[in-house]
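Trainee: Structure in structure tokens, see below.
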Amino acid sequence: MSGDARACDVRLFGRQAEIAGAGSVAVEVVAGSTTCAEVLTRLGEAVPGLLPSLEASVLAVDHAVASPTRRLEGDEELALIGLVGGG
Amino acid sequence: MSGDARACDVRLFGRQAEIAGAGSVAVEVVAGSTTCAEVLTRLGEAVPGLLPSLEASVLAVDHAVASPTRRLEGDEELALIGLVGGG
Amino acid sequence: MAEVWVELVDGPLAEADEPGDVAGAGARLCFAGVVRPTEDDRLLDALMYEAYEPMTSRQLTALGEEMASTHGLMAIRVEHSTGRVAVGQTSFRLTVWSAHRKEGIAALDAFIDRMKAEVALWKRPVFAATEVEA
Amino acid sequence: MAEVWVELVDGPLAEADEPGDVAGAGARLCFAGVVRPTEDDRLLDALMYEAYEPMTSRQLTALGEEMASTHGLMAIRVEHSTGRVAVGQTSFRLTVWSAHRKEGIAALDAFIDRMKAEVALWKRPVFAATEVEA
């Protein structure tokens with residue numbers, strides 16, 4: 001499937017969901033090419049209000065924190081984990 | 001009563017009572033003259049086994065920790081508080 | 001191998017019985033986080049907690065295992081609310097069992113710092129209608 | 001002014017209900033000391049605790065008041081056994097209520113260090129008949 005571009009939803013939570021006004025934001029992923037770091041960049045382009053908090057956020061891929069250099073296929077479950085903890 | 005010499009019991013607890021083989025040891029107190037520091041010295045003379053632990057002990061007079069320079073009348077309740085805490 | 005228990009609970013944590021004994025543990029330390037009445041000087045009604053399961057439970061379990069290993073704990077138990085927790089109610093409880101006090105305190109403190117920095121848990125304030133005078 | 005509760009109990013501490021809330025406290029921290037099965041590599045049956053009342057309670061109260069003032073606690077509760085406490089039983093429980101976690105941890109740790117160094121409380125081991133192999 002390498003080379004296919006598709007829109008993938010990135011789930012958002014907490015304050016970041018409030019800023020985006022939505023529980024998810026779609027970004028384009030090119031299968032086998034787009035990295036997690038690029039997804040974060042595209043999130044910031046799609047919702048500039050997220051930019052200040054992206055530095056303290058990581059992308060979760062299929063419910064595990066992923067390396068910024070990981071390349072995506074486009075069929076994974078993506079979530080933005082912003083660091084505003086519980087307790 | 002200044003100048004009267006009398007035997008005063010000093011209560012002992014825990015390991016220090018075990019070393020002395022008794023819950024109290026009598027020391028001589030001269031009313032208005034003998035200090036708390038001198039009571040500790042006399043305890044060490046009466047029970048040499050107590051000497052190693054006296055440095056980490058204080059004398060309580062009527063249930064309050066007393067200054068080493070305090071002079072006793074001989075009618076106070078005296079207790080050796082060795083520092084081997086609970087918990 | 002230390003025991004690690006993790007539980008996410010919908011709504012406030014119920015009053016708990018005193019945690020049980022773990023064989024050989026000389027120290028049991030329990031931290032409870034209670035929703036405070038104000039945030040940023042504004043009166044609060046509640047906090048809303050959100051998790052992202054199963055990632056949240058997996059992260060809490062992994063963090064518990066790491067703390068148990070690093071600090072030599074015998075057991076660790078994590079309970080955290082999701083959803084609405086009103087002022088005065090308990091939203092978080094962490095219990096650690098260790099041989100001695102010092103490693104229990106270090107593990108408890110480090111767990112909470114790490115949880116706040118790393119775990120997929122979010123909270124949002126629900127402010128009361130009336131604001132506190134400045 | 002912080003609330004300070006001190007209680008000396010004859011024998012092991014009973015299982016406690018979860019400590020109540022103190023208004024405005026965001027953090028409640030409870031330490032329980034349990035008699036461990038060995039001391040100096042020897043099997044233990046129990047520890048015998050001895051207090052010297054009323055000095056012991058006075059010292060614990062004064063120490064609680066000092067910790068509350070120094071660390072800004074809202075309340076502190078001290079429970080300590082006297083007499084025999086068997087292996088696995090609880091001999092000491094300290095609960096502190098504070099606005100936030102960090103000052104609660106600091107106060108709890110400092111209280112116990114100071115108690116062990118200063119308070120009129122003694123413990124003696126009661127060893128089991130059989131010794132542990134070297």
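Trainee: Compute the long axis of helix A:36-46 from its Cα atoms, compare it with the longest principal axis of the Cα atoms of chain A, and write down the angle in degrees, 0 to 90, nearest 10.
Mentor: 60
Trainee: Kindly provide the pair-distance distribution of the protein assembly as shown built from C-alpha pairs, with 20 Å bins from 0 and whole-percent values in order of increasing distance.
Mentor: Using 20 Å bins, I get a P(r) of 21, 41, 24, 11, 2, 0 for the protein assembly as shown.
Trainee: Related question: Just from its helices, what would the mean residue ellipticity at 222 nm be for chain A, if runs of 4 or more DSSP H residues each count -39500 (n - 2.57) and the sum is divided by every residue, rounded to the nearest 500 deg cm²/dmol?
Mentor: Result for chain A: -6500 deg cm²/dmol, rounded to the nearest 500.
Trainee: Smallest Cβ-to-axis distance in chain D, for the rotation taking D to C: which residue, how many Å?
Mentor: D:Cys30, 2
Trainee: Turning to a different aspect of this structure: How far, in nm to one decimal, is A:Ala5 from itself in the other copies if the label point is set 7 angstrom along Cα toward Cβ? Shortest first, please.
Mentor: Ordered by distance, the counterparts are at 10.7 nm.
Trainee: For helix D:55-71, report the angle its Cα long axis makes with the longest principal axis of the Cα atoms of chain D; keep it between 0 and 90° and round to the nearest 10°.
Mentor: Here the helix axis deviates by roughly 50 degrees.
Trainee: Sticking with this structure for a sec: Between C:Glu15 and D:Glu3, how high is the FRET efficiency from 1/(1 + (r/R0)^6) when r is the Cβ-Cβ distance and R₀ = 22 Å? Nearest 0.05.
Mentor: About 0.65, to the nearest 0.05.
Trainee: Right, another one. Counting Lys +1, Arg +1, Asp -1, Glu -1, what net charge surrounds D:Leu29 among other residues with beta carbon under 14 Å of its beta carbon?
Mentor: Net charge in that neighbourhood comes out at +3.
Trainee: Based on the alpha-carbon set only, what is the convex hull volume of the range D:42-111 divided per residue, in Å³?
Mentor: Expressed per residue, the convex hull around the Cα atoms of the range D:42-111 is 102 Å³.
Trainee: With each pseudo-label sitting 7 Å past Cα toward Cβ, what's the C:Ala129-A:Glu28 distance in nm, one decimal?
Mentor: 4.9
Trainee: Treating the point 7 Å from Cα along Cα-beta-carbon as the label, what are the nm separations from D:Val126 to the other copies, to one decimal?
Mentor: Here D:Val126 shows inter-copy label distances of 5.3 nm.
Trainee: Would you mind giving the mean number of other chain beta-carbons within 10 Å of the Cβ of each residue in D:19-29, as a whole number?
Mentor: 5
Trainee: So, one more: Counting helices only, and only those DSSP H runs with n ≥ 4, report the 222 nm mean residue ellipticity of chain C as the sum of -39,500 (n - 2.57) divided by its residues, in deg cm²/dmol to the nearest 500.
Mentor: -9000 deg cm²/dmol
Trainee: Under 8 Å for C-alpha pairs, at least 6 residues apart: give me the relative contact order for the range D:41-90, rounded to a whole percent.
Mentor: It comes to 60 percent, rounded to a whole number.
Trainee: Distances from A:Gly32 to the same position in the other copies: list them in nm, one decimal, shortest first, using label points 7 Å from Cα along Cα→Cβ.
Mentor: 10.6
Trainee: I would also like to ask the following. Quick check: the angle from helix D:101-118's long axis to the longest principal axis of chain D, C-alpha only, nearest 10 degrees?
Mentor: Between helix and principal axis, roughly 50 degrees.
Trainee: How about C:Lys123: which lysines have a C-alpha closer than 21 Å to its C-alpha, ignoring those fewer than 8 places off in the same chain?
Mentor: Counting by Cα, and skipping residues close in sequence, C:Lys123 has these lysines nearby: D:Lys102.
Trainee: What is chain D's relative contact order, in percent, from Cα pairs under 8 angstrom and six or more apart in sequence?
Mentor: Relative contact order here is 40 percent.
Trainee: Now for a separate question. Within 10 Å, count the other beta carbons around each residue, average over each peptide in B:27-39, D:24-36, B:50-62, and list them highest first.
Mentor: Highest mean packing first, the order is D:24-36, B:27-39, B:50-62.
Trainee: May I ask you to compute the full-extension gain from C:Asp40 to C:Ala117, defined as 0.36 nm times their residue separation minus their alpha-carbon distance, rounded to one decimal in nm?
Mentor: The C:Asp40-C:Ala117 span can extend by a further 25.7 nm.
Trainee: In whole angstrom, and with the biggest value first, how far do the Cα coordinates of the range C:1-125 range along each principal axis?
Mentor: Principal extents (Cα only, largest first): 44, 27, 24 Å.
Trainee: Can you work out the FRET efficiency for the pair B:Ala56 and D:Ala110, with r the C-beta to C-beta distance and R0 = 22 Å, to the nearest 0.05?
Mentor: With a Förster radius of 22 Å, E is 0.70.
Trainee: Fully extended, how many nm does the chain gain between B:Thr69 and B:Arg6 (0.36 nm per residue separation, minus their Cα-Cα distance)?
Mentor: 20.8 nm
Rule-based calculations on the coordinates, nothing more; no lab input. These numbers were taken from a predicted model, which means no experiment stands behind them. Glycine also receives a Cβ, built like all others from the backbone with ideal geometry; neighbour counts cover every protein chain displayed.
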